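Colleague: Pasting a structure here, questions to come.
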Amino acid sequence: MIQKYNTNFFKLIFFIFVTLLFSFPANSELSVEEIIKGRKALFSKNYSTAKKVQTFASKRDFDKAKKLMLEMSENYKSLIEYFPENTKEGFKTEALPIIWENKDEFNNLMTKSSNDMIELASIIETSDDAKGALGKLMWSNCKTCHSKFRAPH
């Protein structure tokens, strides 16, 4: 019992730390390098989390999948703050200039992605087609963002 409490406590502390690390306002004192690397790390985190969501959902471990979906939702909200005007270039950014040219469209996609993850968490367990729901509400947003706002790699 004590071991489980300690593990959960440390997981909670780690989650709070990561949330604070990736949830800073755009006008903070962070350098351009820190902002660009931070957004890259957050997108990378969402991708690895999405793969875990896919795995948990395919195993019908919906409680674990839903927890990760809600984490991804928060990450998408945070990402809106990671694109101030002074971060268009440098530090191997893969962000295309269209993000800043169509900032409202990009922000709307991040908001939609966040909302879709919340919707996915609410329906995944009762969906007749979990794989289809993941494709529609999770992977399609990734594809849309990559095809429009990210440099090919």
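Colleague: Any idea what the alpha-carbon Rg over 2.2 N^0.38 Å comes to for region 34-149?
Modeller: 1.09
Colleague: I've got another one for you. Just to verify a number: FRET efficiency for Thr144 and Glu33, C-beta to C-beta distance, R0 = 41 Å, to 0.05?
Modeller: 0.90
Colleague: Ranking request for peptides 74-81, 137-144: highest mean number of other beta-carbon atoms within 10 Å first, then the rest in descending order.
Modeller: 74-81, 137-144
Colleague: Lys40 to Ile80: FRET efficiency via 1/(1 + (r/R0)^6), r the Cβ-Cβ distance, R0 22 Å, to the nearest 0.05?
Modeller: Efficiency, from the Cβ-Cβ distance: 0.90.
Colleague: Cross-link candidates for Lys92: which aspartates and glutamates have Cα within less than 20 Å, leaving aside residues fewer than 8 places away along the same chain?
Modeller: The qualifying aspartates and glutamates are Glu33, Glu34, Glu81, Glu101.
Any read-out appearing in this document is the output of simple, stated calculations on the displayed coordinates, not a laboratory observation. These numbers were taken from a predicted model, which means no experiment stands behind them. Backbone-built Cβ (ideal geometry, glycine too); neighbour counts: all protein chains shown.
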